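Novice: Would you mind keeping the following structure in view while I ask a few things?
The values are calculated or read from the model by the stated rules, or taken from the named source; none is laboratory data. On a predicted model such as this, the values are computed, not experimentally measured, just so you know. Reconstructed Cβ throughout: ideal geometry from the backbone, glycine too, with neighbour counts over all protein chains shown. Heavy atoms of the whole protein, side chains included, go into the accessibility calculation; ligands, DNA and RNA do not. Shrake-Rupley method; radii C 1.70, N 1.55, O 1.52, S 1.80 Å.
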Amino acid sequence: MRFTLAFATLGRHRGRTVLAVLGVAVAFAMLLDMVMLSSGLRASFRDLLLSRGFQLRLSPKGTLPFDTDATIGGAARMLATLRALPDVVAVSPVLGGQLHIPRGRGAVTSFALGVEPGVQGDYELLSGHDPRRPDELVANDELLRAAGAAVGDTLTAASGYDAQLRTMSGTRRLVITGRARFLYLSAGQSAAAVPLSTLQGMRGADAADAVSLIMVRLRRGTIVEAARRRIQSALPRVDVISTSEAMARVDQRLSYFRQLSYILGAVSLVVGFLLVTTLVTVSVNERLGEIAVMRAIGVSRAHVVEQVVLESGAIVLGGAVPGLGLGLLTARYLNHILSSFPGLPAAIDFFLFQPRAVWAALGLLALCGVAASLYPAWRAAVHPVAGALREEAIA
Amino acid sequence: MSALLAAEDVHRDYRVGDELVRAVRGITLDITSGEFVALVGPSGCGKSSLLNLLGGIDRPTAGRVRFRGVDVAGMPDRALTRFRLLHIGFVFQRFYLMPALTAADNVALPMAEAGVAKQERRMRALELLRYVGLDGRARHRPSQLSGGEQQRVAIARAMANAPAVVLADELTGELDARTGAEIIALLQQLNADGTALVLVTHDEQLARAARRVVHMRDGVIVNCDGAR
């Protein structure tokens, strides 16, 4: 009966209730987006780092992977040391660089990765095969489009290009053997992968035994942090970064996104709270006489409070359902816009859908709904019965 | 005979702005089981205030209100609410039915509060509606009922938990003469069936139906007619 009374009360002023529900829906959509933003970016980054099964990354001292052009020298010996460790299952060295492909009167410049195709963790092959031989390469669609090339074509590519003199250095003829999607590149960035030895050779003597990054896959069951410490002490020339440490550094860099999401999430909660409080308080004020009658005939304060909380809960629940759809649509749209955010891999989702995020947002909204009902419920419960009846009679 | 409901030197003061209004000034009144008492007097003489004190809706500034010897005015709110629920029936001038509920649900509301099982309260609500002559109107909402019908529903609601006494405040005030007469007849039947009635009224016809008429002026009882 209390449900009937609560819902019927809302139905008395349908227009007002619908507007309040829409307001809550917008507030909830924003709250959901902010919860998704606060946790999604991190979760997405973590998933990306772990997607290829490498738990450790070795980068030049004081840098993050590919943060600078710095390289790790004496790579062959370091790789041999790593491969000899009992905890290590696979080691994937990567050298970064550029490829310049003559096109018309200029050149198409692309990011290039030198990898060991058998253990690489930087790209997913979409068609064709990995660059198994020294004169083979795989490229992403952006590069193929820019170079006007297709799988099976042979390109002339250089690791160095002087735009003033239009001269190239480290030139090689390379056959395109496959199309690939590069995991860590930002949207629209063209890229190619060649065997590590090929890129080392093209870059000349400085890079002959150098790599930019080494990824390490550990044996199942290995304690990552213990392995990280062991490798770090064995190879003090490099920084050994675990996924959790990389995440901590990513957290630092992206902290403003999180702060933004907390602030906007809090704002949306406050807006929802004020909206529901205002509506329910107005509704209670209009019904003080009716509530006084209920109290007079023996309805307890607790049940009056319960009815007001139910009323508030119904508005919140009514807003949460369309708000969920609206929030997911908005998140999708914003994700599309932010996928081209400079310096971040395109594979990263800013607004990652996670059931946990939805539950968290719903929980926060439910708390907000309960909090919003406290003042009107208190007002309804403590309003003097005789006074309200007298005022009602005079009115 | 011992009093069912008793006011003992009851006072009730209100503060309206800076002014102190002494609505009830030292009234002593006993209501016995099965009695039919009318409280009459000019507007503002304290009739409704006294009724609210007797029903536990309001607490006296001084004095005691006893129900079967127990001081109800000193009860904590939860106990006082329970007292109203189980022992007192209220009927108001403006009916004050819950607009969202059907006639049957309005009657069942105090029973639901008292914890009566759904099936049982449904049956009793229909029985009470039949008693007040509205057996065909159980599913109607208050807006679909006439004033007289709404007041009958309000009387049925007041009877929901079989209270010992029904307190009614100007219950024919909003009704035409014919409907008022029907309501008076219904109250007489209720009283004949054993429920004590205390009415506040300006209606002389209704006052004549009572077995005792208590005249009030300026917050005090000035005269008391009729047999006990």
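Novice: Hey, does region A:28-36 have a residue that's open to solvent by less than 30 Å² (accessible area, probe 1.4 Å), more than 14 Å from every other protein chain (Cβ to nearest Cβ), closer than 29 Å to A:Val304 by Cα and modelled with pLDDT of 80 or more?
Specialist: yes
Novice: Residue check: is A:Thr4 without any contact (Cβ under 8 Å) to a residue 24 or more places away in the chain, over 22 Å from A:Leu137 (Cβ atoms) and within 14 Å of another protein chain (Cβ to nearest Cβ)?
Specialist: Yes: the conditions hold for A:Thr4.
Novice: Out of region B:43-64, which residues are among the β-branched types (Val, Ile, Thr) and within 8 Å of chain A (Cβ to nearest Cβ)?
Specialist: B:Ile57
Novice: Just wondering, is there one or more residues in region B:196-208 that are in a helix (DSSP H, G or I), among the small types (Gly, Ala, Ser) and either in contact with a strand residue (DSSP E or B) (Cβ under 7 Å, 6 or more places away or on another chain) or within 24 Å of B:Leu85 (Cβ to Cβ) (or both)?
Specialist: The answer is yes; a qualifying residue exists.
Novice: Right, here's the next one. Working only within region A:206-223, note down all residues that are open to solvent by 30 Å² or more (accessible area, probe 1.4 Å) and within 14 Å of A:Leu95 (Cα to Cα).
Specialist: Once the filter is applied, which keeps residues that are open to solvent by 30 Å² or more (accessible area, probe 1.4 Å) and within 14 Å of A:Leu95 (Cα to Cα), region A:206-223 yields A:Asp206, A:Ala208, A:Asp209.
Matching residues to (1) assigned by TED's automatic domain parsing to the domain that holds A:Gly23; (2) over 22 Å from the mean Cα position of the chain (by Cα):
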site: A:Ser197; (1), (2): no, yes
site: A:Gly201; (1), (2): no, yes
site: A:Leu218; (1), (2): no, yes
site: A:Thr222; (1), (2): no, yes
site: A:Glu225; (1), (2): no, yes
site: A:Met247; (1), (2): no, no
site: A:Phe257; (1), (2): yes, no
site: A:Val267; (1), (2): yes, no
site: A:Leu274; (1), (2): yes, yes
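Novice: If you check B:Ala192, B:Ala160, B:Ala156, which single one turns out to be within 11 Å of chain A (Cβ to nearest Cβ), of a type in the set (A, V, I, L, M) and either within 20 Å of the chain's Cα centre (by Cα) or crowded, with 18+ Cβ neighbours inside 10 Å (or both)? Give the derivation first.
Specialist: Details: B:Ala192 fails: within 11 Å of chain A (Cβ to nearest Cβ); B:Ala156 fails: within 11 Å of chain A (Cβ to nearest Cβ).
Just one listed residue meets the conditions, B:Ala160.
Novice: Does region A:121-131 hold any residues that are open to solvent by 20 Å² or more (accessible area, probe 1.4 Å) and either in a loop (DSSP other than H, G, I, E, B) or within 10 Å of A:Val175 (Cα to Cα) (or both), and which are they?
Specialist: Residues of region A:121-131 open to solvent by 20 Å² or more (accessible area, probe 1.4 Å): A:124-130.
Within region A:121-131, A:His129, A:Asp130 meet the criteria.
Novice: Let me ask something additional. Mind counting the residues in region B:92-110 that are at the interface with chain A (Cβ under 10 Å from one of its Cβ atoms), open to solvent by less than 30 Å² (accessible area, probe 1.4 Å) and touching an Asp or Glu at 6+ places or on another chain (Cβ under 9 Å)?
Specialist: Number satisfying all stated conditions: 3.
Novice: OK, next. Which residue, of A:Phe54, A:Phe111, A:Phe45, is of a type outside the set (S, T, N, Q) and in contact with a helix residue (DSSP H, G or I) (Cβ under 6 Å, 6 or more places away or on another chain)?
Specialist: A:Phe45
Novice: Now for a different question. B:Arg78: free of Cβ contacts under 8 Å to residues at least 24 places away in the same chain and facing chain A (nearest Cβ under 7 Å), yes or no?
Specialist: Here the answer is yes, as B:Arg78 does meet what is asked.
Novice: Quick one: which of A:Gly318, A:Gly325 is among the small types (Gly, Ala, Ser), surrounded by fewer than 17 Cβ atoms within 10 Å (Cβ to Cβ) and more than 30 Å from A:Asp122 (Cβ to Cβ)? Even if it seems obvious, please write down each step before you answer.
Specialist: Details: A:Gly318 fails: surrounded by fewer than 17 Cβ atoms within 10 Å (Cβ to Cβ).
Unique residue meeting the criteria: A:Gly325.
Novice: Continuing with the same structure: Where residues in region A:7-26 are within 14 Å of another protein chain (Cβ to nearest Cβ) and of a type in the set (Lys, Arg), which of them is surrounded by the most Cβ atoms within 10 Å (Cβ to Cβ)?
Specialist: In this case the residue turns out to be A:Arg12.
Novice: Give me the pairs: first residue in region A:48-59 and at pLDDT 80 or above, second residue open to solvent by 10 Å² or more (accessible area, probe 1.4 Å) and aromatic (Phe, Trp, Tyr), beta-carbon distance under 9 Å, and six or more apart or on different chains, which are they?
Specialist: So the pair list comes out as A:Leu48/A:Tyr184; A:Ser59/A:Phe66.
Novice: So, one more: Between B:Arg12, B:Arg66, which is open to solvent by 20 Å² or more (accessible area, probe 1.4 Å), out of contact with any Ser or Thr (no Cβ under 9 Å at 6 or more places or on another chain), modelled with pLDDT of 90 or more and not acidic (Asp, Glu)?
Specialist: Working: B:Arg12 fails: out of contact with any Ser or Thr (no Cβ under 9 Å at 6 or more places or on another chain).
Answer to the selection: B:Arg66.
Novice: Which of (1) basic (Lys, Arg); (2) under 25 Å from the mean Cα position of the chain (by Cα); (3) surrounded by 15 or more Cβ atoms within 10 Å (Cβ to Cβ) is the odd one out, the single condition A:Arg253 does not satisfy?
Specialist: Condition (3) is where A:Arg253 drops out.
Novice: Of (1) surrounded by fewer than 20 Cβ atoms within 10 Å (Cβ to Cβ); (2) over 16 Å from the mean Cα position of the chain (by Cα), B:Leu129 satisfies all except one. Which?
Specialist: B:Leu129 satisfies all of (1) surrounded by fewer than 20 Cβ atoms within 10 Å (Cβ to Cβ); (2) over 16 Å from the mean Cα position of the chain (by Cα) except (1).
Novice: Still on this structure, please answer the following. Being of a type outside the set (Val, Ile, Thr), farther than 21 Å from A:Gly289 by Cα, within 13 Å of the chain's Cα centre (by Cα) and open to solvent by 10 Å² or more (accessible area, probe 1.4 Å): is that true of B:His87 here?
Specialist: When the stated conditions are applied, B:His87 passes them.
Novice: Still on this structure: How about region A:45-54: which of its residues are buried (at least 21 other Cβ atoms within 10 Å of the Cβ) and farther than 29 Å from A:Glu136 by Cβ?
Specialist: Once the filter is applied, which keeps residues that are buried (at least 21 other Cβ atoms within 10 Å of the Cβ) and farther than 29 Å from A:Glu136 by Cβ, region A:45-54 yields only A:Phe45.
Novice: A further question on this structure: Just one of (1) within 14 Å of chain B (Cβ to nearest Cβ); (2) touching a helix residue (DSSP H, G or I) at 6+ places or on another chain (Cβ under 6 Å); (3) open to solvent by less than 60 Å² (accessible area, probe 1.4 Å) trips up A:Pro376, so point out which.
Specialist: Checking A:Pro376 against (1) within 14 Å of chain B (Cβ to nearest Cβ); (2) touching a helix residue (DSSP H, G or I) at 6+ places or on another chain (Cβ under 6 Å); (3) open to solvent by less than 60 Å² (accessible area, probe 1.4 Å), the one that fails is (1).
Novice: Residues being open to solvent by less than 20 Å² (accessible area, probe 1.4 Å), modelled with pLDDT of 90 or more and of a type outside the set (A, V, I, L, M, F, W, C): count how many of those fall in region A:61-93.
Specialist: Adding up the residues that qualify gives 2.
Novice: Which helices (runs of 4 or more DSSP H) does region A:230-311 wholly contain that include 1 or more residues that are within 14 Å of another protein chain (Cβ to nearest Cβ)?
Specialist: Answer list for region A:230-311: A:255-286, A:288-296.
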